[in-house]
1. Relative to the longest principal axis of the chain, what angle (0 to 90°, nearest 10) does the C-alpha long axis of helix 9-29 take?
2. Taking the C-alpha atoms of the chain, how large are the radius of gyration and the largest Cα-Cα span, Dmax, in Å?
3. In whole Å, largest first, what are the principal axis extents of the Cα atoms in the stretch 75-126?
4. Please report how far the C-alpha centroid of the stretch 92-111 lies from that of the stretch 112-126, rounded to the nearest whole angstrom.
5. Can you work out the FRET efficiency for the pair residue 21 and residue 50, with r the C-beta to C-beta distance and R0 = 35 Å, to the nearest 0.05?
6. Quick one: length gained pulling residue 12 to residue 59 fully straight, 0.36 nm per residue minus the C-alpha distance?
7. Say we join alpha carbon atoms closer than 10 Å with springs in a Gaussian network model of the chain; which of 105, 65, 83 then has the biggest fluctuation?
8. Using a Förster distance of 35 Å, how high is the FRET efficiency between residue 107 and residue 87, based on the Cβ-Cβ distance and rounded to 0.05?
């Protein structure tokens, strides 16, 4: 092992710098900027991205319109339900009033019948 000589620090650093420089040049050679179709691909990607954004905005607008329509529908249903509930309440009140009136008439008829029986009994006693 007489011929073996260990590399010094500066030799190792220069070898590493040369390797880095070679990798950098290799990467620059493969850079997409040098590709003639690079601009076309970028333009098509940009156009596709813009189209995607437009479609997303249209979907969002459609969702908002649908939500507004559903809210109107729910409001109309709620109003109809309230009107029906009020009509039902009024019908119940009318039925209660009619029932109370029938009860008063029935009580009056019963009193009249009772009074007639009382008068008949008095008439028989004389």
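1. Rounded to the nearest ten degrees, it is 60.
2. So, for the chain, Rg and Dmax equal 50.3, 165 Å respectively.
3. 76, 6, 5
4. 26 Å
5. Working: r = 40 Å, r/R0 = 1.14.
FRET efficiency, residue 21 to residue 50: 0.30.
6. Numbers: separation 47, 0.36 × 47 = 16.92 nm, distance 6.05 nm.
Working it through step by step, the gained length comes to 10.9 nm.
7. 105
8. 0.70
Computed from the coordinates by the stated procedures, all read-outs in this text should not be read as laboratory data. Keep in mind it's a predicted model, so treat the numbers as computed, not measured. Cβ sites come from the backbone with ideal geometry, for glycine too, and all protein chains shown count toward neighbours.
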